[in-house]
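Each value in this text was obtained by applying a stated rule to the coordinates, not by laboratory testing. Source: prediction; values computed, not measured. When we count neighbours, we look across all protein chains shown, and the Cβ atoms used for this are built from the backbone with ideal geometry, even at glycine.
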């Protein structure tokens with residue numbers, strides 16, 4: 001992939017140049033607006049921004065990781081995401097996808113950093129090891145930390161892709177021999193968007209970049225620096241197995257009849273009740289499925305220190321704020337009791353309401369009779 005530092009065109013112009021129609025463009029604008037959690041009335045604003053905004057240069061660094069974030073991004077189910085937002089327009093430097101290598105690749109990065117100082121977005125995939133003076137991860141004789149600090153110096157904003165960059169992931173699991181460190185613990189003077197997941201969903205990654213392009217600012221973030229549009233709800237809340245959980249119907253093992261019937265996987269270790277992500281709504285593989293739908297419980301990969309948050313196949317109990325989940329064995333009784341209690345309260349309230357209405361009618365009737373007699 002050659003450097004794009006001399007290209008001056010809007011996102012829409014590039015989309016048209018690569019053979020997409022206006023209809024394709026508007027479909028994409030509608031699609032990505034929905035994924036960003038915006039109202040349909042915002043489609044026009046997103047489309048206008050893509051029509052009038054010149055591309056935002058992107059430098060994408062790779063450190064301690066497996067490249068699954070890049071793989072997830074380029075396998076988005078919408079071609080404009082991978083062909084336009086990622087490969088054809090934005091990326092000025094990424095060791096995974098660019099054709100250039102060695103001195104050519106580094107020259108392309110330096111040209112972008114110099115020309116677009118204070119304007120480019122720095123995407124980081126992977127954690128940064130601090131152990132042994134950073135020698136656990138070196139590129140062309142330079143440590144990951146040294147490269148990160150140089151790339152971050154002129155960045156407008158930083159996106160930490162995946163759990164490695166966001167919280168250290170498996171490299172930072174106890175006892176963390178390389179001293180793997182997430183990006184936000186090293187960079188303190190730049191706005192950072194954390195997009196955790198192992199890997200994050202491709203459409204989530206695209207939505208974050210489109211938000212930056214459309215509004216020129218970071219999306220609204222939660223307390224952990226994650227975009228609320230994608231990390232505001234628990235996987236548990238959007239899970240299609242949730243009705244079974246509420247009814248007290250659980251798989252006891254992965255091969256029992258309950259599992260075959262599609263019952264809730266909480267008892268076999270699903271971390272959905274403590275994990276915030278969009279897996280159940282956006283899904284993977286062109287929106288076909290996600291881990292729970294494929295029969296495997298959520299492992300909580302978008303949460304802090306998920307690798308050390310207990311065994312993947314043991315039910316979590318005693319979680320603060322999730323008292324009901326800590327007693328899954330009796331949840332069915334609780335749910336049934338809640339339904340009966342709700343029906344009782346409703347009946348009482350309805351009875352009181354009818355009595356009040358009857359009294360009001362009698363009162364109005366009496367007053368009307370008095371008026372007629374007069």
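Once the C-beta distance of residue 41 and residue 146 is scaled by a Förster radius of 41 Å, the resulting FRET efficiency is 0.30 to the nearest 0.05.
Highest mean packing first, where packing is the average number of other Cβ atoms within 10 Å per residue, the peptides 301-310, 281-290 line up as 301-310, 281-290.
Ranked by the mean number of other Cβ atoms within 10 Å of their residues, highest first, the peptides 105-116, 259-270 come out as 259-270, 105-116. Applying 0.36 nm per residue to the separation of residue 107 and residue 217 and subtracting their alpha-carbon distance, the gain on full extension is 36.8 nm. Of the peptides 15-26, 36-47, 176-187, the order by per-residue mean of other Cβ atoms within 10 Å, starting with the highest, comes out as 176-187, 36-47, 15-26. Put simply, the convex hull of the Cα atoms in region 91-203 casts, on average, a shadow of 7.2 nm². From least to most packed, judged by other beta carbons within 10 angstrom and beginning with the fewest, 201, 209 follow the order 209, 201. Once the Kirkwood radius over Cα pairs is known for region 11-231, the Stokes-Einstein relation at 10 °C and 1.306 mPa s delivers a diffusion coefficient of 90 µm²/s.
Nearest-5 percent of antiparallel DSSP beta bridges in region 11-231? Numbers along the way, then the final one.
Working: 6 of 23 bridges.
Of all bridge pairs located within region 11-231, approximately 25 percent are antiparallel.
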